[in-house]
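Note sheet for the following structure.
The values are calculated or read from the model by the stated rules, or taken from the named source; none is laboratory data. Just so we're clear, the structure is a prediction, and the values are computed from it rather than from any experiment. Backbone-built Cβ (ideal geometry, glycine too); neighbour counts: all protein chains shown. Ligands, DNA and RNA are excluded from the accessible area calculation, which covers all protein heavy atoms including side chains. Shrake-Rupley method; radii C 1.70, N 1.55, O 1.52, S 1.80 Å.
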Amino acid sequence: MKADALGRKFNTLRLSLTNVCNLACLYCVHESDANSQTFLPTANEVQSQGKKILSVKQFVAVIKSLLRHTPLKTVRLTGGEPTLYKDLPELINALKKLGIPRVVLTTNGFLLKRKAAALKAAGLDGINFSLDAIDKEIFFKMSRRDKLEATLEGIDAALENGIKVKINSVIMKGVNDAQVLPLFDFAVSKNVVIRFIELMKMGHLYKGHNDYFFSEENILWTIAKKYDFQKKLRPTGSTANYWETREGYKFGIIANESSPFCSDCNRLRLDSFGNIYGCLSSNDGISILGCLDDDVQLEQRLQQALKQKQTTKFTGSDLSMKAIGG
Ligand code: SF4
């Protein structure tokens with residue numbers, strides 16, 4: 001695959017397995033949709049719109065074709081909520097058999113207590129848990145579901161099964177910013193790396209994002225109340241900046257507003273219907289299902305996706321995080 005003017009190519013695939021979720025997080029789901037269990041169309045409704053979430057066989061066929069054009073080092077499975085995809089272990093196993101070095105998952109985790117062992121056995125290399133509060137009430141305020149305990153049990157189950165765990169926490173001003181230090185201490189107690197995430201201008205927060213914006217500087221200032229820390233070098237292609245405390249504990253911040261990371265972005269996104277996106281700022285999905293065996297056309301579509309990338313920073317999108325998995 002030909003690189004773009006900034007030398008960027010795709011070697012990380014973020015694969016959205018479903019656009020359905022079992023939480024209704026404030027930054028992802030508009031108030032008006034919060035009370036429906038799964039606010040997006042059910043599988044049947046999706047079918048009735050002529051769209052069908054891809055099967056394991058279809059996802060594998062797509063990824064095999066992509067591998068002829070670009071060496072994918074990492075496939076990150078996202079959603080909606082990827083643990084709702086019923087053949088998840090089979091898919092992980094199939095991707096490992098394709099030789100993908102790292103197959104990892106981003107999940108809200110509250111189904112992990114009963115799924116962790118099977119995911120580990122399938123070959124899963126790591127899990128990022130979305131955890132925006134360690135306080136029961138604030139967790140409910142952020143996710144609109146009473147699932148804190150189940151999520152913590154999910155984290156313990158993953159650790160007990162020897163799966164590498166990280167925690168991702170989206171911080172919203174006036175909602176859960178007081179949870180920065182409690183979440184930090186929780187991660188220290190579990191000896192897992194936490195990454196705080198600046199709120200993104202996506203979906204219903206494409207407008208009005210500023211009301212809740214809590215910056216990288218605000219987060220660092222909060223952590224500095226208790227910890228001394230030094231900045232680390234950002235690994236190439238990483239979305240997070242990292243710091244290390246005097247005690248030797250590493251943490252990160254994904255600051256798409258304050259410290260954009262477009263210059264070496266290597267991420268390609270694939271949604272659950274076979275459309276690719278070169279950039280989160282674009283909501284123009286490019287279908288590739290019709291050209292999996294046509295390398296000329298597939299290369300053209302990949303170049304089209306690469307052209308969607310920003311050169312400096314994320315500009316936002318009205319696409320829902322659930323449709324593309326962030
Ligand atoms: S905004 Fe686009 S180019 Fe920038 S980091 Fe995100 S996906 Fe990559």
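I'd like to know which of Val188, Leu88, Gly316 lies farthest towards the positive end of the charge dipole of segment 12-324, counting +1 on Cβ of Lys and Arg and -1 on Cβ of Asp and Glu.
Positive-most Cα among the choices belongs to Leu88.
Which percent of the accessible area of segment 199-282 is formed by carbon and sulfur heavy atoms (probe 1.4 angstrom)?
Within segment 199-282, the accessible surface is 48 percent carbon and sulfur.
Once the Cα atoms of helix 180-190 and of the chain are each reduced to a long axis, what angle between those two axes, in degrees from 0 to 90 to the nearest 10, is obtained?
That helix lies at roughly 80 degrees to the long axis.
In segment 228-326, which GluC sites (Glu not before Pro) are in a loop and have at most 12 other Cβ atoms within 10 Å, using DSSP for the loop call?
Values: sites: Glu244, Glu247, Glu257, Glu299; in loops: Glu247, Glu257.
Answer by residue number: Glu247.
Springs between alpha-carbon atoms under 10 Å, Gaussian network over the chain: tell me which of Ser169, Ser272, Ser263 tops the mean-square fluctuations.
Ser263
Between the helical axis of 112-122 and the dominant principal axis of the chain, each derived from Cα atoms, what acute angle in degrees is found, rounded to the nearest 10?
Taking Cα atoms only, the helix is inclined about 50 degrees.
Sort Thr311, Thr78 from largest to smallest accessible area, using a 1.4 Å probe on the heavy atoms of the protein chains.
Largest to smallest exposure gives the sequence Thr311, Thr78.
What are the aspartates and glutamates whose alpha-carbon lies under 19 Å from the alpha-carbon of Lys147, with same-chain residues fewer than 8 places away excluded?
The reachable aspartates and glutamates, counting only those whose Cα sits under 19 Å from Lys147, are Glu31, Asp33, Glu81, Asp132, Asp135, Glu137, Asp156.
Choose one of Phe251, Thr151, Ala305: the residue whose Cα lies farthest towards the positive end of the charge dipole of the chain (beta-carbon charges +1 Lys, Arg; -1 Asp, Glu; about the Cα centre).
Of the options given, the answer is Ala305.
Please compute the per residue accessible area over the chain with all protein chains in place, 1.4 Å probe, rounded to a whole number of Å².
The answer is 44 Å² per residue.
Starting from the Cα coordinates of segment 163-226, work out the convex hull volume and express it per residue in Å³.
91
Around Asp125, under 9 Å between beta carbons, what's the net of Lys plus Arg minus Asp minus Glu among the other residues?
With Lys, Arg at +1 and Asp, Glu at -1, the net is +3.
Summing Lys, Arg as +1 and Asp, Glu as -1, what charge do residues with Cβ under 12 Å from the Cβ of Ser317 carry, Ser317 excluded?
On the way: positive: Lys201, Lys207, Arg269; negative: Asp284, Asp318.
Local net charge: +1.
So what's the back-of-envelope 222 nm ellipticity for the chain, counting only DSSP H runs of four-plus at -39500 (n - 2.57) apiece and dividing by all residues, rounded to 500?
Roughly -8500 deg cm²/dmol at 222 nm, from the helical runs in the chain.
Would you tell me the accessible area of Tyr27, worked out with a 1.4 angstrom probe on the heavy atoms of the protein chains, in Å² to the nearest 10?
Here the accessible area works out near 30 Å².
Provide the percentage of antiparallel DSSP beta bridges, counting only those with both residues in segment 12-324; round to the nearest 5.
Antiparallel bridges make up about 25 percent of those DSSP assigns within segment 12-324.
Taking every Cα atom in the chain, find the radius of gyration and the maximum pairwise distance Dmax, and write them in Å.
In Å, with Rg to one decimal and Dmax whole: 19.0, 57.
Where is the GNM fluctuation largest for the chain (alpha-carbon springs, 10 angstrom cutoff): Ser281, Ser238, Ser143?
Answer for the Gaussian network model of the chain: Ser238.
Rank Trp243, Trp221 by accessible area, highest first, at a 1.4 Å probe radius?
Highest to lowest solvent-accessible surface, that is Trp221, Trp243.
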